[in-house]
Amino acid sequence: MPTMQVDLTEVEFSAIRSQGPGGQNVNKVSSAIHLRFDIARSSLPDYYKERLLALHDRRITKDGVIVLKAQQSRSQEQNKGEALLRLQEMVDRIAILPTVRRATKPSRSSQRKRLDSKASHGQLKQSRGKISE
């Protein structure tokens with residue numbers, strides 16, 4: 001299944017001041033980006049929305065809005081690109097359906113091997129006891 005591309009018109013950006021070192025620049029320039037993406041209002045297919053909302057991720061609010069903060073770069077544009085990339089990675093990750101595990105019984109030979117191994121291990125432990133004179 002091809003991955004779904006996030007529509008840029010559904011993404012809301014806001015510039016904020018970055019944290020951390022940076023001297024005067026950090027106090028004057030709003031280079032960090034807050035990305036907000038409302039899952040319910042998006043044009044993603046319903047099963048994408050359900051899987052996104054089912055994620056136990058602290059970046060998803062109770063209202064179903066993904067909030068990402070990007071502040072790695074000094075450039076606002078680079079931070080915007082990084083935040084978009086992380087959002088797309090999140091959507092791509094839920095697009096991959098986990099394979100369903102089918103329960104199978106262990107074979108007779110594997111059961112026998114397991115029991116033989118347990119018995120030999122028990123014998124080894126038994127032989128470690130105190131030596132009586």
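In the list (i) 0.93; (ii) 1.92; (iii) 1.10, the label attached to Cα Rg over 2.2 N^0.38 Å as derived from the coordinates here is (ii).
Would you kindly calculate the translational diffusion coefficient of region 84-127, applying Stokes-Einstein with the Kirkwood radius from alpha carbon pairs, for 10 °C and a viscosity of 1.306 mPa s, and quote it in µm² s⁻¹ without decimals?
Rounded to a whole number, D works out at 107 µm²/s.
Label sites at Arg102 and Leu53, each approximated as a point 7 angstrom past Cα along Cα to Cβ, lie 3.3 nm apart. Put simply, region 30-69 fits an ellipsoid with semi-axes of 20, 12, 7 Å; these come from the alpha carbon gyration tensor as the roots of five times its eigenvalues, largest first. Computed over protein heavy atoms with a 1.4 Å probe, the accessible surface of the chain works out to 79 Å² per residue. About its Cα centre, the dipole of the chain is roughly 1220 debye, where the only charges are +1 on Lys and Arg Cβ and -1 on Asp and Glu Cβ.
Got the relative contact order for the chain handy, in percent, Cα pairs under 8 Å and 6 or more residues apart?
Computed over the chain, the figure is 23 percent.
Per-residue Karplus couplings for region 75-80, computed as 6.51 cos²θ - 1.76 cosθ + 1.60 with θ equal to phi - 60°, are listed in order as 8, 5, 5, 5, 5, 4 Hz, Gly and Pro entered as x.
The values are calculated or read from the model by the stated rules, or taken from the named source; none is laboratory data. Given the structure is predicted, the values throughout are model-derived calculations rather than measurements. In this analysis, Cβ positions are derived from the backbone assuming ideal geometry, glycine residues included, and neighbour counts consider all displayed protein chains. To get the accessible areas, we keep the full protein, side chains included, count just its heavy atoms, and leave off ligands, DNA and RNA. Shrake-Rupley method; radii C 1.70, N 1.55, O 1.52, S 1.80 Å.
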